[in-house]
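Structure first, commentary second.
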Amino acid sequence: MPTWSFWKVWLPHPFISVIVGVSWLMLAHSLDIANLLMALLLGLLIPRLINPFITHTPNINWSLAIKLGWVVLWDIVVCNIRVAKLVLGPSDRLQPKWFRVPLETEHDQVNTLLAMIITTTPGTVSAGIDQERGDILVHALSTEDAEMDVQEIKIRYEIPLMQIFGVHINTGDHS
């Protein structure tokens, strides 16, 4: 009896396979057979190539992860419309601003995914995670109330990410 399993060899990280395949299809903007085959090929090969570098796959709450995924997709669509209106409208309506989002945890995956979500949402860009200060520096194309934006980021993205990974909130004050 072989000690290896077909699934462990060909799909060591099924979630990464799906993400890679879907990402390819989104980048290609096409569902033709060539792109479907390329998505399948990349979805099989890339997780196998990175398998030696992944030491631990965290236990996550998949139903919350899927729910957050839909929230992020919805926000991307809505923010694209907002950004289009801002960019195509009078430039005096733009109110660009830098602000910091204090982090509630030092959990690497939570903070990295939070920075990625901020960056993928049109109109905002995360400039980096400051581990010493415990925050993420964010640039918004236009904001009237940075504190409200911070609270929205924390409620819509950070708290769900912490719940997905089962991370508890730090008790320290970030003021």
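The values are calculated or read from the model by the stated rules, or taken from the named source; none is laboratory data. The structure displayed is predicted, hence computed values, not measured ones. Every residue, glycine as well, gets a Cβ built from its backbone with ideal geometry; the counts of neighbours run over all protein chains shown. We work out accessible area using only protein heavy atoms, side chains counted, and drop any ligands, DNA or RNA first. Shrake-Rupley method; radii C 1.70, N 1.55, O 1.52, S 1.80 Å.
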Single condition W98 does not satisfy, out of (1) touching a residue at least 24 places away in the same chain (Cβ under 8 Å); (2) open to solvent by less than 80 Å² (accessible area, probe 1.4 Å): (2)
Number of the condition not met by R133 [criteria: (1) within 20 Å of I81 (Cα to Cα); (2) loosely packed, with under 15 Cβ neighbours inside 10 Å]: (1)
Single unsatisfied condition, G128 versus (1) surrounded by fewer than 19 Cβ atoms within 10 Å (Cβ to Cβ); (2) more than 23 Å from V83 (Cβ to Cβ): (2)
Qualifying residues in the stretch 143-170 (those that are under 23 Å from V87 (Cβ atoms) and free of Cβ contacts under 8 Å to residues at least 40 places away in the same chain) - the one least open to solvent (accessible area, probe 1.4 Å): D145
Set L64, L36, L25, L42: member being assigned to a helix (DSSP H, G or I), within 26 Å of E152 (Cβ to Cβ) and not acidic (D, E): L64
Conditions (1) within 29 Å of M162 (Cα to Cα); (2) part of a loop (DSSP other than H, G, I, E, B): number failed by S30: (1)
Single residue of D75, D92 found to be part of a helix (DSSP H, G or I), charged (D, E, K, R), out of contact with any strand residue (DSSP E or B) (no Cβ under 7 Å at 6 or more places or on another chain) and modelled with pLDDT of 90 or more: D75
The one condition in (1) over 15 Å from the mean Cα position of the chain (by Cα); (2) at negative phi that G134 fails to fulfil: (2)
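In a helix (DSSP H, G or I) and either under 20 Å from L27 (Cα atoms) or more than 12 Å from the chain's Cα centre (by Cα) (or both): which single residue out of V101, V83 fits that description?
Unique residue meeting the criteria: V83.
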Any hit, the stretch 66-76, residues being among the small types (G, A, S) and in contact with a helix residue (DSSP H, G or I) (Cβ under 8 Å, 6 or more places away or on another chain): no
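Every residue, every condition in (1) closer than 24 Å to D108 by Cβ; (2) open to solvent by 100 Å² or more (accessible area, probe 1.4 Å), yes or no:
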{"position": "L11", "(1), (2)": "no, no"}
{"position": "F15", "(1), (2)": "yes, yes"}
{"position": "L42", "(1), (2)": "no, no"}
{"position": "I50", "(1), (2)": "yes, no"}
{"position": "V72", "(1), (2)": "yes, no"}
{"position": "D75", "(1), (2)": "yes, no"}
